[in-house]
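The structure appears below as structure tokens.
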Amino acid sequence: MATQASPGAPAAPGSNLPEFTVAELSRALKRAVEDGFGRVRVRGEISGFKRAASGHLYLSLKDAEAVLDAVCWRGTAGRLALKPEDGMEVICTGRLTTYMERSRYQLVVEQMELAGEGALLKLLEDRRRKLAAEGLFAPERKKKLPYLPAVIGVVTSPTGAVIRDILHRLADRFPRRVLIWPVLVQGEGAAEQIAQAIAGFNRLAPGGPVPRPDVLIVARGGGSLEDLWAFNEEIVVRAAATSLIPLISAVGHETDTTLIDFAADVRAPTPTAAAEMAVPVRAALIEQVLALEARLAASARRQVQDRRTRLGDLARALPRPRQAIEECAQRLDGWSERLGIAARQYLADRRRRVAERWAAAPRPAAFFGQRADLASALFRRLRPALLARRVDEGAGRAGDLGARLIVAGSRALMQARHRFEALAGLLESYSYERVLERGFALVRDAAGHPVTAAAEAPAGARLGIRFHDGEVAATVTGAHAPAPRPPRRKDPNGSQGSLL
């Protein structure tokens, strides 16, 4: 490594070792690692796998003793034969390099494969058990294929021999309309395209511009387990299990088994066999229809012959029509004669019974006379009882009315007394004697007329002054000028006004 030192770098005092910068040493290590491990194959278990937004893959390979960082660039990641997952044991082919900024070395992956078919089968079995536990392979989910579909949808590669085999077999057996959804059948993105194709066929509306298939065929030719791995991906299996259109799985040869075979409604050993399952043989159908037509015609002829034979037997057992008519006519004549005789006898009997009833019936005058006498007797017997009943009823009503009259009179008298006492109290409160009790006096002249003004009492006049407890006599000795006073309000009735 001393040969890679930069020329002219002075040695440390007392030492013959060259001096490096950090970048010089990192570049020297990078060249040494890349030259010494330019092409390696590393086996280990994937750990810490992640896919960056740029498309690069970052992971670690580990075993029981060490861990190796690895990176797979976006261009290489799209060509990988499998999809990396944590816990998967793989063999990676690539080159070692260093990451100078962090003093780390890492493996740049160029190829990736499972570490043996046993590991791949174990991964396949684990995934199968997981999906089976979810019920995606349950028999009750399987749908029956239509007997003669009008449109067949095929999900496969448009350039392989598979589509030609399917179309050729359909043309030989029963030509039908075929819609092809081209997809990748292996490599990066194949599983997503297959799942999108199945879902796309299911999204077609019945009766739309693009007809919806009556049955789907997902097909691919044979290959290794890695080549068929896209049909083991979980996204493809779920798309097949949830398809509303009956689906036939035709992946690989008869000995090849993928997870889509368990989720499909029917598994075909080959793509050609899938085409045979999708449609019947047209020639066989025509032959079958002709055979059924012949059997139907023979059965119809046999039925007609049997009915004709039975009709002949019944005709021989029946009597002759003319003879039957003659016997019925004779029987009708006998019944007509008997009917006439019976009618005459019936009328004669009715006349006789009416005459007997008329003779025994009483005459109307006597009948009504008897009924009148009976009614008179009953009236004479009932009249005293009716009169007594009316008298009793009148006495009872009179007693009730008298009691009610006494109660009403007492109530009216009581009300009149209360009203009289109220009016007497009111009249007493309005009496002038009550006014005299409050200190007023009533002045009257010798004739007894009330004196209401000083002008009416001249000097020498004799007056009587009434107080509340008695009356005294007085003589007017002189007169004084009257003081002005407001006009006296007169009673509209002409009576004396109130002292209040």
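Quick notes on this structure:
- Of Lys50/Lys142; Lys122/Lys144; Lys122/Lys143; Lys50/Lys130, those spanning more than 28 Å from alpha-carbon to alpha-carbon: Lys50/Lys142; Lys122/Lys144; Lys122/Lys143
- Kyte-Doolittle mean at least -0.5 and Cα axial length at least 27 Å: DSSP H helices in the chain: 282-317, 364-429
- For a straight C-alpha distance cut-off of 14 angstrom, the aspartates and glutamates reachable from Lys30 (same-chain residues fewer than eight places away being disregarded) are Glu101.
- Gyration tensor verdict on region 150-279 (Cα atoms; rounded if a/c is under 1.5, prolate if a/b is larger than b/c, oblate otherwise): oblate
- Amide hydrogen neighbours beyond the local backbone of Leu114, cut-off 5 Å, H modeled: Ile91
- q = 0.34 Å⁻¹: log10 I(q)/I(0) that the Debye formula gives for region 433-473, counting C-alpha atoms only: -1.17
- Mean Cβ count within 10 Å, highest first, over the residues of peptides 272-281, 255-264, 32-41: 255-264, 272-281, 32-41
- Euclidean distance of C-alpha centroids, region 112-160 and region 325-358, integer Å: 96
- Entry note, the chain: relative contact order of 8 percent, from Cα contacts under 8 Å with a spacing of 6+ residues.
- For Kirkwood radius over Cα pairs in Å, computed directly from the structure shown, the correct entry in (i) 25.1; (ii) 27.8; (iii) 40.5 is (iii).
- Mean residue ellipticity at 222 nm, helices only, the chain: -16000 deg cm²/dmol; runs of at least 4 DSSP H residues each add -39,500 (n - 2.57), and the sum is divided by the number of residues.
- Counting neighbouring beta carbons within 10 Å and listing from fewest to most, the residues His253, His56 come out as His253, His56.
- Of all DSSP-defined beta bridges confined to the chain, some 65% are antiparallel rather than parallel.
Bear in mind that the values in this text are calculations on the coordinates, not laboratory data. A quick note: this is a predicted structure, and the numbers were derived from the prediction, not measured. Reconstructed Cβ throughout: ideal geometry from the backbone, glycine too, with neighbour counts over all protein chains shown.
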